[in-house]
1. Across segment A:25-80, what is the total count of residues that are part of a helix (DSSP H, G or I), within 12 Å of chain B (Cβ to nearest Cβ) and polar (S, T, N, Q)?
2. Only one of these conditions is not met by B:Glu456: (1) in contact (Cβ under 8 Å) with a residue 60 or more places away in the chain; (2) of a type outside the set (A, V, I, L, M); (3) assigned to a helix (DSSP H, G or I); (4) buried (at least 17 other Cβ atoms within 10 Å of the Cβ). Which number is it?
3. Within segment B:491-529, which residues are modelled with pLDDT under 95 and part of a loop (DSSP other than H, G, I, E, B)?
4. What do you reckon, is B:Gly53 within 14 Å of chain A (Cβ to nearest Cβ), more than 30 Å from B:Leu234 (Cα to Cα), of a type outside the set (Lys, Arg) and touching a residue at least 24 places away in the same chain (Cβ under 8 Å)?
5. Pick from segment A:292-303 the residues that are within 12 Å of chain B (Cβ to nearest Cβ) and crowded, with 19+ Cβ neighbours inside 10 Å: which of them is modelled with the lowest pLDDT?
6. Limited to segment A:290-349, what total is found for residues that are in a strand (DSSP E or B) and basic (Lys, Arg)?
7. I'd like to check something: does segment B:285-308 contain any residue that is in contact with an Asp or Glu (Cβ under 6 Å, 6 or more places away or on another chain) and surrounded by fewer than 22 Cβ atoms within 10 Å (Cβ to Cβ)?
8. Modelled with pLDDT of 95 or more, buried (at least 18 other Cβ atoms within 10 Å of the Cβ), within 16 Å of the chain's Cα centre (by Cα) and of a type outside the set (Val, Ile, Thr): is that true of B:Leu224 in this structure?
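The values are calculated or read from the model by the stated rules, or taken from the named source; none is laboratory data. Model, not experiment: these values are computed from the prediction. When we count neighbours, we look across all protein chains shown, and the Cβ atoms used for this are built from the backbone with ideal geometry, even at glycine.
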Amino acid sequence: MMRTTPFHPRLSELSQTQMWGNWAGYLSAIRFDLSSKHEYFGVRNAAGLFDTSPLFKYWIRGRDAERFCSYVFARDARGLKPGRAQYTIWCDDAGFVMEDGVLFRFSSDEFLLTAAEPNAGYLRGLARPFDVEIVDASEEFASLALQGPRSAAILSALSSDIGGLRYFGFTETKIADANVVVSRTGFSGDLGYEVMVPSGEALQVLDAILEAGRPHGLRPYGEEALSMTRIEAGLPLIGVEFTSSRYAYTEHERFTPDELGLGWLLKGIDDPTRPFIGREAILAERANGTTRWSTVGVTIEWADFYELFDSRGQLAVPDEIPVGWETMIYNDRDKRIGYATSFMYSPVLQRHIGIARIKPKYAEPGTEVYIEQTVNHEYINVRATVTKLPFYNPERKTA
Amino acid sequence: MTDTQRYDAIVIGGGHNGLTNAAYLAKAGQRVLVLEQHNIVGGAAITEELRPGFNFTTFSYALSLLRPEIIAELDLVRFGFMPLYMRSHFAPMDNGDYFLIGPDAAVNRQEIARHSKADVDGMERFEHDTSRVRQFIRPLFDSIPPNLFSDDPADTERMAWLVKHLGNADKKLLHDTVRLLTGSISDFVDDYLESDIIKATICSAACVGIKLGPMSPGSGINWLYLSMGEHDGLGGSWSFHKGGNGGFTQVLARAATAYGADIRLNSHVSALITEGGEVRGVALADGTEFRAPVVVSSLDPRRTFLQIADPRELPADLVETIQRFRFQGITSKVNFALDGVPHYPALGDRTDQYGGFINIAPTVEYMERAYDAAKYGWYSEHPYIDASIQSFIDPDMAPPGKHVMSCYVMYTPYKLKDSTWDAQAENMADRVQATMQRFFPNFNDLVLQREIVTPETIESRTGLSEGNIYAGEFFPHQMYFFRPAPGYSDYRTPIRGYYQCGSGTHPGGCVIGAPGRFASQQILTDTRR
């Protein structure tokens, strides 16, 4: 039996399509509107609301909480101050990425981790030698993301504690008489917030946000628009850009942080006072130069895309819905050098974009590569350019 | 004459084509000056805050025809280009029902079936056949027309290409194309559809900007022209630029400036300076002169040839042809500031019908009768209105909870019989407001302010002759290699160094940019010879 999130009764009323997907056993909207692009522009030009309740949430509490977090997670949690959050990953002993999530620090000995996949068993297993307690709070909280340029104005109408929040800061406040945690975080690459609310009070908070959002063009959005915005933001998604190394059968399914473009999380890895899972292997990878892949952006210019179809008698109609498969990438001699894990047409950028894994020697921005497309039932390679990630990064995101 | 007044090229007029032309020339390394008579750029594509927080698209109000090459080649995204999706097309009906089509083709089938089961596949056949015509016409649309009267090898080559291209069409495609280019849109549509509201919705696009009704031969070409646009590659669809079309021309101005062009505002060009049949520069109304070997006019053909240039320096047959070139402005706008959301009873509290255009044209006959008045020098009693509540698409257009609504009004002839627009403007706007009130029962209560733009306003404020929004009508004999005159479709003029880049040249009007772009190609080709 599929479950529904605490927000579902209201979100269901707002859905014109009743198109639901399955996220961790919960109904999750594919799209509410007849057009995902309409929802996407809500995020990019007004505000959008996405139900993130199916995320797993774990309290990490106890005297050793900081020591534990800085051991389990590859990104150093020691500098994380109460009231701040950080994007993080955790690796296996061989230095391959298992998963990613966001770590919130509530106090010196209390953290909260949000993750897309279940980790209670994994965390508890590692926690035995530490004075920490892992509490699965996944059903304790409902959560939603409010993203887009108007998100600050909407939440500020409901709580006076929002305006001062910096990027990746969070605060405990009240909305519609409910105790909530509001963080300036999200998966859209835009100005945005996430709200965690005790499940029992989820609807009253949602109603207050919808009401405050009405004059600002707030609209709920589903997984398709979420995916569009996160690709523009260059943010990897588990199950798309990578899968947990814990469940890999072959080398093709394991990636190191550097291979995923997440090496920046490993600042301070040279510090011997912080052993963490995977550290030795990652240091060895860096010392031996065994990194196999680079994660880059690829873009196709309009003229090349148009010509690809027009010269073969077809209409060139780009599709903003990300494709559900990997797209092969070649060099100028038809040798395969990688693949795009995500690929779509970006309405804001007016060109096709993809997040790609390619051989490091092709990773220099500006390098010309070729992306395989299908036209008239034939594979045809179209010219593309390697670019830096993210594709879309408005100043308001961090301002 | 100081060095600061010497340029490689001077562009007269800072409308979207002038700015596009200047951006291309500057990007190619030319030292370019744009002279704009007003205190903002944009021409007929401006956005004005007429009431605090309420932004009006005074004239032009949506985007579709803009050539995608220009977005890419000028890298406009870098300068803020952002076309917002217009997701729906809403057509209220006299009986309180409506026709509402949106972004989901399968759901649209259901809506069409509500009005006619036969029109479900009728519409799909219509769309496929017209898409093929668009595909066929597009290479002509997107290239400089051959000059039939030239022996330049480039023209011979273009002519050979054209003949070959026409030869590639199958019988039905060529016939459909000629029917659309010469016939009436309602005749064409009758072959596919039976529901009046659906036919009216399609035909309405043929009536924008021309002094013809949907039943008039000649309305087909206007329909085809307006359907040549796209949003994100989807043929015939429209977008609303962030901040309106004024937001778009600001993007163009930023691009032109970044590529090195100078833009000088409040600079009204009064005359061309020539010497021995060659252009030397321009003189402003205040006497200031600027010098350049190339001067490009983005103004319409009447002003380009008969006002800025001295007609005595032009061949008499060209002067005669330009005098014959028809403008006949026919459109007005009434823009509203609204205190809330118009209510359409049959849709209850829904507002998703406002995500695009609102089309007040319940039947083909309604539009044809609206046109009838114009034939005899008067404005429609029941106007055809192409409206849009733009603050639904871009919330930054109005304060939270408030709205701006642009109403494009047909038919309002430039020349009224025995009256003036000064005397009739308020009455015309009253008819528009009464029409909206008829369909939206709370409309009058919502109106905070209205702005009336008549063909005379368009002419006096933008300079477009007779207020014709296309800078010259879309008749077959005023298109392609006849635009603006036989022998002068290549953006050149008889005065060496003097070029045209306005909407009076191929392919034509709307916020399209192609004339500006093609003219820059012609200028750069000539300059490098």
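1. Adding up the residues that qualify gives 2.
2. Status for B:Glu456: all satisfied but (1).
3. The one that is modelled with pLDDT under 95 and part of a loop (DSSP other than H, G, I, E, B): B:Arg529.
4. yes
5. Only one residue fits best here, namely A:Trp302.
6. Qualifying residue count, segment A:290-349: 1.
7. The answer is no, given that none of the residues of segment B:285-308 is in contact with an Asp or Glu (Cβ under 6 Å, 6 or more places away or on another chain) and surrounded by fewer than 22 Cβ atoms within 10 Å (Cβ to Cβ).
8. yes
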